[in-house]
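Have a look at the structure below, then the notes.
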Amino acid sequence: MMYNEYLIDAHDSEEVKKLKREILSLQAQLDIERNRTQKMRGGNLLLSEPIDLYQGEQLDFILSVLEQVKNKCSPESRPYDIICSILSLNKVVGRGEEILKEVSTIFKRGGDLTESDISKLEKLGFRYISSKKHPKLEFCGKYKFAISGTPGEQHHGSRNKLAEINKCLAISLKI
């Protein structure tokens, strides 16, 4: 804030100088209090390691959980109001849902993964690791999933694999 109008001038009387000093002091205290309360209002509400594996991952996860919790709160409660406020000021990025939708399309078809499927998975952040028995998918260099190797496993395994990927990556965690 600008306080030029309260700068002490040599021509000011001692009483005016004293009052200007008091005003400057009170305004500095007000600025400190505003900064403190802004942080409490959500300016830096949650701190986390900056490790989003895809754009908006952590934000979407927190908003998904808050949306579910909101539905369990009484609409006349303070927690409900807080959650509604947070949800209204923060919008879902949606990249996780896009990833899950693509992965669902690939696995619901069943059968062996084609070169096209593998290419699509790689664009989503997965790496295909070939193997004679059970090939694997690795997401962002950390999370590994074995893929069904036999035709019998592929029919039921693809749905299970999709559920396993979703559960591990918490794209749409249900609480």
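The values are calculated or read from the model by the stated rules, or taken from the named source; none is laboratory data. From a predicted model like this one, the values you see are computed outputs, not experimental measurements. Because the Cβ atoms are built from the backbone with ideal geometry, glycine has one as well, and the counts that use them run over all protein chains shown.
Some observations on this one:
- Residue tally, condition in contact with a Leu (Cβ under 8 Å, 6 or more places away or on another chain) and either among the small types (Gly, Ala, Ser) or at pLDDT below 90 (or both), over segment 64-87: 1
- Single unsatisfied condition, Ile106 versus (1) modelled with pLDDT under 90; (2) more than 23 Å from Ser48 (Cβ to Cβ); (3) out of contact with any helix residue (DSSP H, G or I) (no Cβ under 7 Å at 6 or more places or on another chain): (3)
- Given (1) at positive phi; (2) buried (at least 16 other Cβ atoms within 10 Å of the Cβ), index of the condition Cys140 fails: (2)
- Note on segment 66-125: residues that are more than 24 Å from Glu164 (Cβ to Cβ) and either surrounded by 14 or more Cβ atoms within 10 Å (Cβ to Cβ) or of a type outside the set (Gly, Ala, Ser) (or both) amount to 20.
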